[in-house]
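The values are calculated or read from the model by the stated rules, or taken from the named source; none is laboratory data. Everything numeric in this text was worked out from a predicted model, so none of it was measured. No Cβ is skipped: glycine too gets one built from the backbone with ideal geometry, and neighbour counts run over all protein chains shown. Side chains included, ligands, DNA and RNA excluded: accessible areas come from the protein's heavy atoms. Shrake-Rupley method; radii C 1.70, N 1.55, O 1.52, S 1.80 Å.
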Amino acid sequence: MGEHGKHRALVIRLTAIALSLALALPAPASACRLALLLAVDVSSSVDANEDRLQRNGLASALISPEVQTAFFSDPRPVALAAFEWSGRWRQTTILPWREIRGPADLVAAAEEVAASTRSETRFPTALGYALGHAASLLEEAPVCDRQVIDVSGDGRNNEGFKPELAYRNFPLDGVTVNALAIGGSVTLDEMVDYYRNEVIRGPGAFVEEAQDYADFERAMRRKLEREVAAMVVGSRR
């Protein structure tokens, strides 16, 4: 065999080896480890002061040392977005999707949330519609290993279809939905029971508790730390 033939045979052999190794390796993980979508209640039960406590509390929670540690405990980024919700078809984005790759990204996201202003004040609590809207926003998110909806609120669904129908009719399979129950308009125990029985869903889903809106920042900080730090494996409800 001439030199050209030997070279061609070597190329073929190396190509075959590379192909067999590629087939043997597992598929690479997504570059993004988590798509986290925050849903903030601005229904009529939330007054202007409570709304500001939510926005400032969320912004402060995002840049707290504990939450920053959770965000950057893994080199892969977290994709983050947020919207406010109240009645049917009353949802407004307050933070478009962005990948959080470093502290500056997290600070910029927190500043955008803090600077946002409320779009609605007089509409009921359409939680099913909020979940349906969240499903459409997740379809626009970067491809990530996990998808989590973080919904906070102080009241039961009282307009439009219930969360149960949202789960039946929107592409939310495999999505974890966590909740932050806020006491005030109804008792905290009632809100926790409602969110636990009617709203949370998916692997490792949980309910965090805020005694009232003044307690929102502390509760959101704990919630974000738990959501972002590590994946909790569990069975779907």
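Given R₀ = 41 Å, what would the calculated FRET efficiency be for GLU164 paired with ASN49, taking r from the Cβ atoms and rounding to 0.05?
0.80
Using amide H atoms built 1.01 Å from N in the peptide plane, name the residues 5+ places from ILE94, or on other chains, whose amide H lies under 5 Å from its own.
Distant-sequence amide H within range of ILE94: ALA82, PHE83, GLU84.
Under the classification rounded if a/c is under 1.5, otherwise prolate if a/b is larger than b/c and oblate if not, where does the stretch 118-220 fall, given a ≥ b ≥ c as square roots of the Cα gyration tensor eigenvalues?
Numbers: a/c = 1.61, a/b = 1.37, b/c = 1.18.
Prolate, since a/c reaches 1.5 and a/b exceeds b/c.
Using a probe of 1.4 angstrom, how much of the accessible area of the stretch 43-90 is carbon and sulfur, in percent?
Working: 990 of 1900 Å².
Carbon plus sulfur share of accessible area: 52 percent.
Counting pairs of alpha carbon atoms under 8 Å apart in space and at least six apart in sequence, what relative contact order in percent does the stretch 107-237 give? Don't skip to the end; give the middle numbers.
Working: 182 pairs, mean separation 27.1, N = 131.
Computed over the stretch 107-237, the figure is 21 percent.
Quote the FRET efficiency, to the nearest 0.05, computed for SER136 versus ALA229 with a Förster distance R0 of 30 Å and r equal to the Cβ-Cβ distance.
On the way: r = 27 Å, r/R0 = 0.91.
So, using R0 = 30 Å, E works out to roughly 0.65.
Take ASP105, project a point 7 Å from its Cα along the Cβ direction, then tell me which residues of the stretch 120-140 have their backbone nitrogen under 19 Å from it.
From the stretch 120-140, the list is 138-140.
Report the full-extension gain for the segment ASP173 to ARG76: residue separation times 0.36 nm, less the Cα-Cα distance, to one decimal in nm.
Values: separation 97, 0.36 × 97 = 34.92 nm, distance 2.34 nm.
Between ASP173 and ARG76, full extension yields 32.6 nm more.
Could you tell me the center-to-center distance, by alpha carbons, between the stretch 80-103 and the stretch 163-192 in angstrom?
First find each Cα centre; the distance between them is then 17 Å.
For the pair THR92 and THR187, what calculated FRET efficiency results from E = 1/(1 + (r/R0)^6), where r is the Cβ-Cβ distance and R0 = 22 Å, to the nearest 0.05?
After rounding to 0.05, the efficiency reads 0.15.
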